[in-house]
Amino acid sequence: MSTALATRPQLAHLTAQLDALKAAGTFFKLRQLDDAQAPICTYDGRKVINLASNNYLGLCNDPRLEAAAIQAIKDHGVGSGAVRTIAGTMRIHMELEEKIARFKNVEACVVFQSGFTANAGTVGSILGKEDFILSDELNHASIIDGARLSRARIKVFRHKDVAHCEELLQEIENDPGKKLIITDGVFSMDGDIGPVDQLAALAEKYGAIMMVDDAHASGVLGRNGRGSVDHFNVHGKVDVQVGTLSKAIGALGGYVCGSRDLIDFLYHRARPFLFSTSHPPSVAATCIAAFDILENEPERIDRLWANTTYFKSQLESSGFDIGGRTTPASETPIIPIILGDGRRTMDFSRELFFQGLMATGIAFPTVPEGKARIRIIMTSEHTREQLDQALDILLTTAKKMAIL
């Protein structure tokens, strides 16, 4: 007996939307990774240079993280068995949170199941409908969803426009309710750095809560990868720091850092924390090992930035638009190649893959209409030979497709 289930009329609207994506040339299928996340790996049976991963420091398959995971499984099993507030808080979870708090120079930390839930769960729990959120227009979707969940009134300021943010603050200065300013530390689509120092000064001036999402700044900016707060030296002026364990740290999860009272409140009120089973002990162990590496091997971050500087300079000299013309200029290892048209972008990405380069095309609704791009991400582990080969594929394919 067949188990296949055709789309019923009740879901026909989904088929129609998928057909629209196909007509626009932006429909995609998931590529399958057949081995480990690495500078060169195998997707869909094809060996490619990988410039699409968030594995900034090459820790996804570091043998020390693997050994830590294996030992944790032997010591604690494969699962935690419960949510944190019932029976699922293991000693290793607390060790990880204490380690992150020391690393970030704050009183306390709480780990969430993902960076998305860390953002959404925090914003959604610390504010209510009488409050205000001032949010950068290009903030991550998890911030936007958290703002909506909070039911607070949302004021969106133009991207990195501190003066506009202040105008909005002045409009609501005498209104009751708390005010929260929130920005990405590094914006995930353009790779530019948020003005965390200037926004923190605004927050102090107007008595607002200051929050930063450092998902793409963790392990990339600041001393030993401590993030944008350390990069701008605004310790003590940012009330809520969100970070990720899924990118430079090489594992899975998100975290929130701040005062002891903030973290204790999130223990009691953050819904993703309250209603999700805690991390497997192996994940906590790998994260602890990763932070040890960040503290002891700053040369990884040096290599990451050396690769970034080299690759950007080569792309620019070849004539690619890597931001700064019609979009914000990249300032980090996230490097967009702006094409504009969604169909052309996805066609370019597919052809690059066939030529041996994994470089993902990103189009609407992830980015605005007319701003489609290939998003490239550098890692510390790419060799100069691999980067030169990737550049050759990019240039040859772009000329073949009349992109350059």
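Coordinate-derived values only; no laboratory data. Quick caveat: nothing in here was measured; it's all calculated off a predicted structure. Positions of Cβ are generated from backbone atoms using ideal geometry, with glycine treated the same way; all protein chains shown enter the neighbour counts.
Apply the Karplus curve 6.51 cos²θ - 1.76 cosθ + 1.60, θ = phi - 60°, to the phi angles in region 393-401 and return the couplings in whole Hz, x for Gly and Pro.
Here the 3J(HN,Hα) series is 5, 4, 5, 4, 5, 5, 5, 4, 9 Hz.
Give the Rg/Rh ratio for region 78-141, taking Rg as the radius of gyration of the Cα atoms and Rh as the Kirkwood radius, to two decimals.
Dividing the radius of gyration by the Kirkwood radius yields 1.05.
Computed over the Cα atoms of the chain, what is the ratio Rg over Rh, Rh following Kirkwood?
Ratio value, two decimals: 0.97.
With a cap of 15 neighbouring Cβ atoms within 10 Å, and only residues DSSP puts in a loop, list the trypsin sites (Lys or Arg not before Pro) found in region 11-56.
Within region 11-56, the qualifying trypsin sites (Lys or Arg not before Pro) (loop, at most 15 other Cβ atoms within 10 Å) are 29, 31.
Restricting to DSSP loop positions (anything but H, G, I, E, B) with no more than 15 other Cβ atoms inside 10 Å of their own Cβ, which GluC sites (Glu not before Pro) remain in region 156-223?
173
What is the pair-distance distribution P(r) of region 1-109, computed from all Cα-Cα distances in 10 Å bins starting at 0, with each bin given as a whole percent?
10, 19, 24, 24, 20, 2, 0
Could you tell me which trypsin sites (Lys or Arg not before Pro) in region 168-257 are loop residues by DSSP with no more than 16 other beta carbons within 10 angstrom of their beta carbon?
Hits after loop and neighbour filter: 178, 237.
Along its three principal axes, how long is region 337-404 when you only count alpha carbons? Whole Å, largest extent first please.
Here the Cα extents, ordered largest to smallest, are 35, 27, 18 Å.
Compare 113, 389, 32 in a GNM of the chain, Cα atoms joined below 10 Å, and give the one with the largest fluctuation.
Checking each option, the largest mean-square fluctuation is seen for 32.
Please list the equivalent ellipsoid semi-axes of region 253-387, computed as the square roots of five times the alpha-carbon gyration tensor eigenvalues, in descending order and whole angstrom.
The three semi-axes for region 253-387 are 35, 22, 15 Å.
Over 20 Å apart: what share of the alpha carbon pairs of region 41-155 falls there, rounded to a whole percent?
Summing the P(r) tail past 20 Å for region 41-155 gives 64 percent.
If the viscosity is 0.692 mPa s and the temperature 37 °C, what translational diffusion coefficient in µm²/s does Stokes-Einstein give for region 256-334 when Rh comes from Kirkwood over Cα pairs?
195 µm²/s
For residue 62, list long-range residues whose amide hydrogen, built 1.01 Å from N in the peptide plane, is under 5 Å from its own amide hydrogen.
Here nothing satisfies the definition.
What's the percent breakdown of Cα-Cα distances in region 106-262 across 10 Å bins, shortest bin first?
12, 45, 36, 6, 0
For region 35-98, report the convex hull volume of the alpha-carbon atoms normalised per residue, in Å³, without decimals.
Per residue, the Cα convex hull of region 35-98 comes to 144 Å³.
What list of ³J(HN,Hα) values in whole Hz, one per residue of region 125-140 in order, does the Karplus curve 6.51 cos²θ - 1.76 cosθ + 1.60 (θ = phi - 60°) give from phi, with Gly and Pro shown as x?
9, 8, 10, x, 5, 8, 9, 10, 10, 10, 10, 4, 5, 10, 4, 5
Taking the alpha-carbon centroid of each part, what is the distance from region 25-78 to region 280-355 in angstrom?
Taking the Cα centre of each part, region 25-78 and region 280-355 sit 16 Å apart.
Taking a 20 Å limit on the Cα-Cα distance, which of the listed pairs 47/247; 74/104; 99/179; 160/205; 22/400; 155/205 fall beyond it?
As for pairs spanning more than 20 Å Cα to Cα, those are 47/247; 74/104; 99/179; 22/400.
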